[in-house]
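I have placed the structure first, in the form of structure tokens, so that the comments after it can refer back to it.
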Amino acid sequence: MKPIQTLVVCFLILFSWGCSLQKQDYTEWIKIKDSADFGSFYNFALNVNDTTLLHRCVDSLEKYKPTEPCIILRYYDYFDSDADSLIHGDFALEDQCGWYIDYLQRNLLKIIINRYDTVRVEYLGLRMDDYKKALFSLHDTTETTPYLPQVKMVNYQSQTYLERKLGTFIYAHMSPDSMGFKTSWKRLILVTKEVLQTINEVKDKKALVIFGSPYKDLIIEQKALIDELVPTFINIYFVDSTFFRIPPPPPACSPLSHD
């Protein structure tokens with residue numbers, strides 16, 4: 001092979017190798033490019049059982065870093081009797097600055113995850129031992145005092161049941177200073193999963209008390225009642241933080257361009 005041909009082959013090999021590395025970087029970059037992708041990845045992280053995939057997802061979430069206040073990661077799942085349908089929204093980022101003070105004035109179960117991943121639970125300023133026990137106890141009571149979650153009477157087949165409008169507010173301390181301590185994504189995902197699981201267990205308990213069967217075995221009309229009696233409202237508030245709207249540009253070798 002002539003020297004010039006050898007040089008060209010070496011250049012092509014080096015170029016291909018460099019581009020393959022950059023394509024790998026591009027794959028990392030493209031995972032989360034906007035707030036919609038962030039919501040998708042968070043929902044994925046809550047359901048994935050493969051620890052390797054979860055680790056990659058957490059890495060991607062970490063790259064989409066908080067910088068300013070007033071972003072809420074919100075989830076809701078409730079039955080609207082007026083619309084006669086289930087209203088559902090997976091975790092998604094929303095700008096909630098104007099609602100924040102209103103949230104603080106309600107009866108909310110607050111789960112605070114500090115910068116060291118330690119969890120504190122409060123309800124109306126009182127410390128509680130465990131958020132799982134708190135979710136059960138606040139839904140179980142039939143009292144209607146101002147110190148308990150808002151209630152609504154629900155009629156079903158000549159019977160009246162009590163709906164508790166309890167919201168769960170999770171505080172994550174994610175300072176934009178990457179050198180400091182902050183809530184880890186793994187801890188936040190674990191707490192969120194446990195809250196969702198506990199609410200499903202509360203639904204199961206209600207279903208057994210009212211219908212004698214677990215929630216999954218109920219007919220549609222019965223499930224609608226349980227969904228109305230145990231609505232799900234979860235808001236994750238990132239203290240002193242929000243999220244970048246614009247991702248970095250993709251690697252130079254990528255066939256795709258970033259607008």
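How about K182: which aspartates and glutamates have a C-alpha closer than 19 Å to its C-alpha, ignoring those fewer than 8 places off in the same chain?
D59, E62, E68, D117, D240
For the stretch 66-239, list log₁₀ I(q)/I(0) at each q in 0.12, 0.17 Å⁻¹, using the Debye formula over Cα point scatterers of equal strength and ignoring solvent, two decimals each.
-0.58, -1.10
Once you put a point 7 Å from the Cα of T142 and another 7 Å from the Cα of I220, both along the Cβ direction, what distance in nm separates them?
3.1
Could you calculate the FRET efficiency of V48 with K133 from 1/(1 + (r/R0)^6), where r is the beta carbon distance between them and R0 is 25 Å, rounded to 0.05?
Details: r = 27 Å, r/R0 = 1.09.
Once the sixth-power term is evaluated, E becomes 0.35.
Quick one: net charge around Y156, please, counting Lys, Arg +1 and Asp, Glu -1 for every other residue with C-beta under 10 Å from its C-beta. Write down the numbers at each step before the final one.
Values: positive: none; negative: E221, E228.
After counting each charged neighbour, the total is -2.
Which of the pairs K132/K216; K33/K132; K33/K203 have their Cα atoms more than 28 Å apart in this structure?
Long pairs (Cα-Cα over 28 Å): K33/K132; K33/K203.
Which net charge results for the neighbourhood of P231, defined as the other residues with beta-carbon distances under 9 angstrom from its beta-carbon, given Lys and Arg at +1 and Asp and Glu at -1? The partial results should precede the final answer.
Details: positive: R164, K165; negative: D77, E163, D227, E228.
Result for the local shell: -2.
Cut-off is 10 Å between beta-carbons; in what order do E228, E143 appear when sorted fewest neighbours first? Kindly include the intermediate steps, with their values, before the conclusion.
Numbers: E228 18, E143 8.
Ranked by crowding around the Cβ, least crowded first: E143, E228.
Expected output is a single nm value to one decimal: the length gained when fully extending between V58 and E201, i.e. 0.36 nm times separation in residues minus the C-alpha distance. What is it? Please list the in-between numbers first.
Numbers: separation 143, 0.36 × 143 = 51.48 nm, distance 2.65 nm.
Computed gain between V58 and E201 is 48.8 nm.
Can you put I220, I234, I112 in order, fewest other beta carbons within 10 Å first? Walk me through the intermediate numbers first.
Details: I220 7, I234 21, I112 17.
So the residues, fewest neighbours to most, are I220, I112, I234.
Dipole of the stretch 66-239, Cα-centred, from +1 at each Lys and Arg C-beta and -1 at each Asp and Glu C-beta, to the nearest 20 debye?
Numbers: 20 positive and 24 negative charges, 129 e Å.
Computed about the Cα centre, the dipole is about 620 debye.
All of the numbers you see were taken from the coordinates with simple rules; none came from a lab. Bear in mind the structure is a predicted one, so any value in this text is a computation, not a measurement. Quick reminder, even Gly has a Cβ in these numbers, built from the backbone with ideal geometry, and neighbours come from all protein chains shown.
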